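A.B. asks: Quick one: the structure is below, questions incoming.
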Amino acid sequence: MARPNPIRAIMESELPTKTYQRQKLYRPRPSEVIYSYNIINKYIFDSQLHRPDIYMKSHLRKIWGCCSWLDRKQYTGSYCYIQLSDKWFCPQWFLNTLAHEMVHQWQWDIYRWEHENYFDRKMYENSGAHGPSFYVWRDKFADYGLYLKTAHGQKRWFKHQDFNRC
């Protein structure tokens, strides 16, 4: 059974009109980005992650966000940084994308070391993609109203307004 929490409250809140969404008028403030990161970290990742630098970019064209691997541990305590678009259809789309990128952060900050100890070999940068270690989070995402996919189709989103069907 789904547990009540701030993530589910956001995911189940009423969507803006399609006209509003198409204009990408939702632009999260820095405090909203930090709050969103913190609640996802607390409820999904049991506060295992250290918040990396998160950049809101206007020039991301074909992607909503990305988590980039770094060779050295940063002052934040993470081995990566996250870039997100600065314009969104709605808060739900933003939260779902941020959670997706945080799975990649988990792969590189947590799972990478477990992998190296278990398999006695290094995990390479492209190993932290959309494979088995990525999808271990699918059920936990579903418990909180989030949808873990490699990508969501925008046309299907506007048709159904349902992450599960886009």
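A.B. asks: Tell me, yes or no, whether region 45-59 has at least one residue that is under 15 Å from residue 95 (Cβ atoms) and touching a strand residue (DSSP E or B) at 6+ places or on another chain (Cβ under 7 Å).
C.D. replies: Checking region 45-59: at least one residue is under 15 Å from residue 95 (Cβ atoms) and touching a strand residue (DSSP E or B) at 6+ places or on another chain (Cβ under 7 Å).
A.B. asks: Related question: Determine which member of the set 25, 60 is over 20 Å from residue 147 (Cβ atoms) and buried (at least 16 other Cβ atoms within 10 Å of the Cβ).
C.D. replies: 60
A.B. asks: Could you list, in sequence order, all residues of region 112-166 that are of a type in the set (D, E, K, R) and either closer than 30 Å to residue 20 by Cα or at pLDDT 70 or above (or both)?
C.D. replies: Hits for region 112-166 are 112, 138, 139, 140, 143, 149, 155, 156, 159, 162, 165.
A.B. asks: Does residue 36 meet the test of being touching a strand residue (DSSP E or B) at 6+ places or on another chain (Cβ under 7 Å) and surrounded by 12 or more Cβ atoms within 10 Å (Cβ to Cβ)?
C.D. replies: No; evaluated as a whole, the condition is false for this residue.
A.B. asks: Here is a further query. Return the pairs, sorted by first residue and then second, in which the second residue is modelled with pLDDT of 95 or more and among the aliphatic types (A, V, I, L, M), the first residue lies in region 1-27 and is within 24 Å of residue 159 (Cβ to Cβ), the beta carbons are less than 6 Å apart, and the residues are 6+ apart or on different chains.
C.D. replies: Taking only residues 6 or more apart or on different chains, the pairs are 10/95.
A.B. asks: Would you please list the contacts, defined by Cβ atoms under 7 Å and residues six or more apart or on different chains, that run from a residue in region 73-85 that is farther than 21 Å from residue 62 by Cα to a residue that is part of a strand (DSSP E or B) and of a type in the set (Phe, Trp, Tyr)?
C.D. replies: Short answer, once both residue conditions are applied: 79/69.
A.B. asks: Could you check region 94-113 and list, in sequence order, the residues that are out of contact with any strand residue (DSSP E or B) (no Cβ under 8 Å at 6 or more places or on another chain) and buried (at least 21 other Cβ atoms within 10 Å of the Cβ)?
C.D. replies: Those that are out of contact with any strand residue (DSSP E or B) (no Cβ under 8 Å at 6 or more places or on another chain) and buried (at least 21 other Cβ atoms within 10 Å of the Cβ): 95, 96, 99, 103, 106, 107.
A.B. asks: List the residue pairs whose Cβ atoms are under 6 Å apart, where the first residue sits in region 138-164 and is under 25 Å from residue 39 (Cα atoms), the second is of a type in the set (Gly, Ala, Ser), and the two are 6 or more positions apart or on different chains.
C.D. replies: Note: pairs meeting the criteria are 143/2; 146/99.
The values are calculated or read from the model by the stated rules, or taken from the named source; none is laboratory data. Note that the structure is a prediction, hence the values are computed from the model and not measured. Glycine also receives a Cβ, built like all others from the backbone with ideal geometry; neighbour counts cover every protein chain displayed.
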